[in-house]
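Below you'll find the structure, written out as structure tokens, and then a few comments.
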Amino acid sequence: MSRGLQYVSGCLPMLHLEEEDLEKNPQFGKLLLELCQILEPCGASSKIYHELEEIQRELRLQRKVWFRSEVIYRLIQEILTDLQVKKQDGTITNDEDKLLEDLQQCFLVTQCSRLLAIESEAGSAALLALEKEDLEDHLPSEMDIFYLREHLHKQLEEALRKKCFAFLSFHQPETDEEGDVLCAAKALRLATTLEDEKRRLKNEQEKLQEMRALLEKQQEIYPCVLLRCLSLLRQAASNLRLQAQSDIDKMNAEYLETKSNALYLKLRMEELQVLTDTYTPEKVEVHKHIRSSLEAAVKSEKTELSASKQILASYEFLGTQFEELVQEYTCLRDKIKDNRWAIQELSKTLP
């Protein structure tokens, strides 16, 4: 992140800018830098911001005063309720009964005075044409009021102390086993502790909002990144599958080649085994003798064939005379054969 973007984001946190926005629009970046010098982090001008702070400070002061009055008012109501309950139960003392009557009277006059004040501020006529002095006549005597203030002050202090301790016990349960002095000290620091916790919670909420914004941004980017990752995984899987298929085919080819060689050797071994079982040493010796005899016969036949070829070659020099002699020889041989057959037949017929 550039320094300009960090400065603008720190001065104007409500703007969600990216570095690309400032790079694409340099004049817009200059305008933001100038606005950072005259605007507050909330986006208002310095004058309006200070006026707003003053008004908020006055509002906090008024709210503090109002809350103080409201707390006292509700505590008085609770005290009245407790006294009324005691009166109904018959356990109230004379002093408490006198305190109840005076307190109810003062409480009634105060409520009516508030109504008259509200109507006078609204500009309408007073209710039943009453004035504040008319209501003050119905207040108890000064001695009764002084007595009421003394007792009411103590009861309010006791009620506030109990409520503070109850709130402290709710916030810090471990203080139930501690003494009143230590609890009172912690109760005095309870407001500061709550302010610190409130500030811490506010900071945590701001961090949570930043994390949510970052999470939303990441959720927007996540599908694109996921699709890109899926594309890369698909491409890598395709490449690896092709490479793996090539390696697998190569291994299959080597396996089949090795298997075929093994089968060939096995067949050769079976063939040799059959030959070994078929041709025993005795049979081999006989075959060798037969082969030597056949080779000798073949050799003699070849010798006779060569001699006959030499004789035929010598006869071929005679030409036509040789052919006539051959024909004559053939005829004589046929006649001899016929005569032999006739003699054999005649010899069979003779006794």
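Could you rank Trp66, Trp341 by how accessible they are, 1.4 Å probe, largest area first? Each step should come with its number before you reach the end.
Details: Trp66 135, Trp341 155 Å².
The ordering from most to least exposed comes out as Trp341, Trp66.
Mind checking which lysines have their C-alpha under 18 Å from Lys217, skipping anything on the same chain fewer than 8 residues away?
Lys217 reaches Lys207.
With a 1.4 Å probe and all protein chains in place, put Ile76, Ile48 in order of accessible area, largest first.
Solvent-accessible surface, decreasing: Ile48, Ile76.
How big is the accessible area of Phe107 in square angstrom, nearest 10, if you roll a 1.4 angstrom probe over the protein chains?
30 Å²
With +1 on the Cβ of every Lys and Arg and -1 on the Cβ of every Asp and Glu, and nothing else charged, how large is the dipole of region 216-307 about its Cα centre, in debye rounded to the nearest 20?
Details: 13 positive and 14 negative charges, 70 e Å.
Dipole of region 216-307, to the nearest 20 debye: 340 debye.
Which three extents, in angstrom, do the Cα atoms of region 210-347 have along their principal axes, listed largest first?
140, 48, 35
Which net charge results when you count Lys and Arg as +1 and Asp and Glu as -1 among the other residues whose beta-carbon is under 13 Å from that of Leu80?
Cβ neighbours under 13 Å give a net charge of -3.
Carbon and sulfur atoms: what percent of the 1.4 Å accessible area of region 226-351 do they account for?
Ligands and nucleic acids excluded, carbon and sulfur reach 62 percent.
Quote the accessible area belonging to Met211 in square angstrom, nearest 10, computed with a 1.4 Å probe and with ligands, DNA and RNA left uncounted.
Roll a 1.4 Å probe over it and Met211 shows about 130 Å².
Once you've got the Cα coordinates, tell me which of Lys98/Lys163; Lys64/Lys198; Lys64/Lys163; Lys162/Lys186; Lys154/Lys198 are over 22 Å apart.
Lys98/Lys163; Lys154/Lys198
Starting at 0 and stepping by 5 Å, how many percent of the alpha carbon pairs of region 181-248 end up in each bin?
Taking all Cα pairs of region 181-248, the binned fractions are 4, 13, 9, 9, 8, 8, 7, 7, 6, 6, 5, 5, 4, 4, 3, 2, 1, 0 percent.
Can you pull the accessible area of Leu108 for me, 1.4 Å probe, Å² to the nearest 10?
Around 90 Å² of this residue is reachable by solvent.
To make sure I understand the rule: partners must be lysines, Cα under 23 Å from the Cα of Lys288, and not fewer than 8 residues away in the same chain. Which ones qualify?
Lys299, Lys302
³J(HN,Hα) across region 50-61 via Karplus (A = 6.51, B = -1.76, C = 1.60, θ = phi - 60°), whole Hz, x for Gly/Pro?
5, 4, 5, 4, 5, 5, 5, 5, 5, 5, 4, 5
For Asp97, Asp89, Asp102, write out the residues from largest to smallest accessible area, computed with a 1.4 angstrom probe and no ligands counted.
These residues rank, largest area first, as Asp89, Asp97, Asp102.
The values are calculated or read from the model by the stated rules, or taken from the named source; none is laboratory data. This structure is a prediction, so every number in the text was calculated from the model and none was measured. Neighbour counts run over all protein chains shown; Cβ positions are idealised from the backbone, glycine included. These area figures cover heavy atoms from the full protein model, side chains too; ligands, DNA and RNA do not enter into them. Shrake-Rupley method; radii C 1.70, N 1.55, O 1.52, S 1.80 Å.
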